[in-house]
Amino acid sequence: MPSGLGRSRIIDGNEDKNYQEFSSVQTEEDTSRNKADRSEIRVKNFEETKLLNFYNVAGIRFQNIAANDALISSKLTAMVADGWELVFVTSAVESDAGQNDGQGIFITRYIFKKP
């Protein structure tokens with residue numbers, strides 16, 4: 001596992017998107033493809049907060065884990081104070097595919113809604 005090569009971040013999109021603008025329904029009668037322009041889907045206005053890597057050459061850096069927890073906790077607390085309600089937390093992993101891959105990713109999503 002490469003040490004210190006990760007790019008851990010908190011990413012918060014500052015744009016609203018309507019999925020319906022980029023969706024299509026195909027039927028047996030209408031098999032036309034979705035013509036949505038991918039460049040219009042991209043969010044160009046977002047907030048990015050850097051996090052620390054868990055590993056360095058010597059192994060796990062528990063101080064970095066504590067620092068990341070403090071940053072994430074601060075972000076979540078600020079959102080709740082701003083009127084957002086945490087409704088779901090989901091995690092996913094794309095594991096390293098073997099000796100020459102080195103491209104695994106772990107993601108946690110915090111889903112909020114504003115009542």
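Every read-out reported here was derived from the displayed coordinates using simple, explicitly stated rules and does not represent laboratory data. The structure displayed is predicted, hence computed values, not measured ones. Please note: Cβ atoms are built from the backbone with ideal geometry, for glycine as well, and neighbour counts cover all protein chains shown.
Things worth noting here:
- Considering the chain at the alpha-carbon level, its Rg and Dmax are found to be 18.8, 61 Å.
- Only Lys, Arg (+1) and Asp, Glu (-1) charged, at Cβ; the chain dipole about Cα centre in debye: 460
- In percent, rounded to a whole number, the relative contact order of segment 1-83 is 36, using alpha-carbon pairs under 8 Å and six or more apart.
- Rounded to 10°, Cα long-axis angle of helix 62-81 versus longest principal axis of the chain: 40
- Cross-link reach is defined here as a Cα-Cα straight distance under 13 Å, omitting same-chain residues fewer than 8 places apart; for Lys35 the aspartates and glutamates meeting it are Glu21.
- Close amide H partners of Leu51, meaning residues 5 or more places away or on another chain with modelled amide H under 5 Å apart, are Ser8, Arg9, Ile10.
- Note on Lys75: aspartates and glutamates with a C-alpha under 20 Å away, same-chain residues under 8 apart excluded, are Asp12, Glu15, Asp16, Glu47, Glu48, Glu85.
- Of the GluC sites (Glu not before Pro) in segment 21-87, the ones in a loop by DSSP (not H, G, I, E or B) with at most 16 other beta carbons within 10 Å are Glu28, Glu29.
- For the chain, the 222 nm mean residue ellipticity estimated from helices alone, with every DSSP H stretch of n ≥ 4 adding -39500 (n - 2.57) and the total spread over all residues, rounds to -6500 deg cm²/dmol.
- Between Ser39 and Arg7, the distance separating the two model label sites (each 7 Å from Cα on the Cα→Cβ line) works out to 2.1 nm.
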